[in-house]
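First the structure, in the form of structure tokens, and then the observations on it.
The values are calculated or read from the model by the stated rules, or taken from the named source; none is laboratory data. Just so we're clear, the structure is a prediction, and the values are computed from it rather than from any experiment. Cβ placement follows ideal geometry from the backbone for every residue including glycine, while neighbour counts extend to all protein chains displayed.
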Amino acid sequence: MASFTFSFFFLTLLLLAVMTAVTPCPPSERAALLAFKAALTEPYLGIFNTWNGTDCCGTWYGIACDPTTGHVTDVNLRGESQDPMFQKLGRSGYMTGKISPEICTLSNLTSLVVADWKAISGDIPACVTSLSSLRLLDLAGNRLTGQIPTDIGNIWSLSVLSLADNEISGEIPTSIVNLARLMHLDLSNNHLSGEIPYDFGKLRMLSRALLSGNQLTGSVPKSVSKMNRLADLDVSLNRLTGFIPVKLGKMKVLSTLKLDGNSMTGPVPPTLLSNTGMGILNLSRNGFSGIIPDVFVADSYFMVLDLSFNNFSGRIPGSLSASKFMGHLDLSNNHLCGTIPIGSPFDHIDAASFSNNDCLCGNPLKTC
């Protein structure tokens, strides 16, 4: 009986091995990948040299499949990689061509990464919105043009969307707020225009929203304050106007807020400076005005606090001396006046951080 059991077990393993060997990815999916490959040119690394034979699941670089069904689930081609192939040649990736719509026939895709190839151009295929199982879409670091597909919100399972460092134009689609599972959004360094959707706060799972380096107008939506998981909001280097929503300062998780390089105005909400979870706050190069609220507390821990190039007036808050930590402080190019407080953190900040104000004095500037 034991001999029979062993033989059955051995035959089962052998059968599975044979099935694995003779059951490659479906021919239609292999054809789709070859059409995708045909639209691209990668001259230096030779990653597509592995794309031959019938088993695209086993040996094709950057391709992974479901072990049970054989369907292609992952296309992961990144031009900045720690892969030995990249390290051996000592260079990052470079690829030209376009992203073929044939990629959309891979209906079981959960991740599509074609990132950091520097010269892939053309539009994002609109059909990617039909990939309902897609959780990761990363096309950053290319030269993609055109617009973000209007129906991007149809990819209901998407948790990461990165289209940064391209030449994408048009507005942020209003449907983007339907991505209820989205946790990471990076649209930075493109040519996006128009306003941030007013109901952006519907993205309740979002922890990082990176929209810097575009041409966005309008104001920061008040609905952002409803995003209880948001830790990093970067809308710097745009054309935003309006005030800072007061409730932003009451967000418990928000630790990085970058509004620099816009045309925003009004006062700084006191809660933004007294929020002990805030670690990086950059409001520089705007039109903010009024006094700097004297609300810093013993648990304030700022790695960066940059209020430079605004219209702040009055004195430097004395409560800054109570801060637990102040790494980089810049109050230059405002209309501040009076004596610079003594003690930490002021004893390790150089004169440039206080320069070009109306009448500041004291160490490290001239004596009062």
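If you go through the stretch 79-121 and pick out every residue that is part of a strand (DSSP E or B) and of a type in the set (D, E, K, R), you end up with 2.
With the structure loaded, tell me whether MET278 is under 23 Å from ALA180 (Cα atoms) and surrounded by 17 or more Cβ atoms within 10 Å (Cβ to Cβ) or whether it fails that test.
It is false that MET278 is under 23 Å from ALA180 (Cα atoms) and surrounded by 17 or more Cβ atoms within 10 Å (Cβ to Cβ).
Just to be sure, is MET303 assigned to a strand (DSSP E or B) and under 24 Å from ALA352 (Cα atoms)? For MET303, the condition - assigned to a strand (DSSP E or B) and under 24 Å from ALA352 (Cα atoms) - is met. Within the stretch 122-144, being surrounded by fewer than 16 Cβ atoms within 10 Å (Cβ to Cβ) and not in a loop (DSSP other than H, G, I, E, B) holds for ASP123, CYS127, SER130. In the stretch 24-51, the residues that are crowded, with 19+ Cβ neighbours inside 10 Å reach residues that are hydroxyl-bearing (Ser, Thr, Tyr) and in a helix (DSSP H, G or I) with C-beta atoms within less than 9 angstrom, at least six apart or across chains, in these pairs: GLU29/THR105; ALA32/THR105. Residues that are surrounded by fewer than 19 Cβ atoms within 10 Å (Cβ to Cβ) and assigned to a loop (DSSP other than H, G, I, E, B) within the stretch 52-69 comprise ASN52, GLY53, THR54, ASP55, GLY58, THR59, TYR61, GLY62, ASP66, PRO67, THR68, THR69, listed in sequence order.
Just to be sure, is GLY327 in a strand (DSSP E or B) and at positive phi? In short, no.
Inside the stretch 23-44, residues that are touching an Asp or Glu at 6+ places or on another chain (Cβ under 9 Å) and either in a loop (DSSP other than H, G, I, E, B) or at pLDDT below 95 (or both) make up a count of 4.
The single condition among (1) of a type outside the set (Phe, Trp, Tyr); (2) over 18 Å from SER236 (Cβ atoms); (3) assigned to a loop (DSSP other than H, G, I, E, B) that SER313 does not meet is (3).
Residue count for the stretch 149-168, restricted to those that are under 20 Å from SER236 (Cβ atoms) and crowded, with 16+ Cβ neighbours inside 10 Å: 7. Any idea how many residues of the stretch 208-222 are in a strand (DSSP E or B) and either surrounded by 18 or more Cβ atoms within 10 Å (Cβ to Cβ) or under 13 Å from the mean Cα position of the chain (by Cα) (or both)? Qualifying residue count for the region: 4. Set side by side, the residues SER284, SER225, SER236 differ, and just one is at pLDDT 95 or above, over 21 Å from PHE354 (Cα atoms), small (Gly, Ala, Ser) and assigned to a loop (DSSP other than H, G, I, E, B), which is SER236. Of the residues making up the stretch 295-312, just one is among the hydroxyl-bearing types (Ser, Thr, Tyr) and closer than 18 Å to SER263 by Cα, namely SER308. Within the stretch 350-368, being at negative phi, outside any strand (DSSP E or B) and at pLDDT 90 or above holds for ASP350, ALA351, ALA352, SER353, PHE354, SER355, ASN357, ASP358, PRO364.
When THR12 is tested against (1) modelled with pLDDT of 90 or more; (2) exposed (fewer than 12 other Cβ atoms within 10 Å of the Cβ), just one condition goes unmet, and that condition is (1). Within the stretch 301-327, if we keep just the residues that are surrounded by 17 or more Cβ atoms within 10 Å (Cβ to Cβ) and closer than 10 Å to PRO345 by Cβ, the residue that is modelled with the highest pLDDT turns out to be LEU305. Taking first residues from the stretch 89-109 that are touching a residue at least 12 places away in the same chain (Cβ under 8 Å) and surrounded by 19 or more Cβ atoms within 10 Å (Cβ to Cβ) and partners that are of a type in the set (Ser, Thr, Tyr) and in a loop (DSSP other than H, G, I, E, B), the Cβ contacts under 7 Å between residues at least 6 apart in sequence or on separate chains come to LEU109/SER133.
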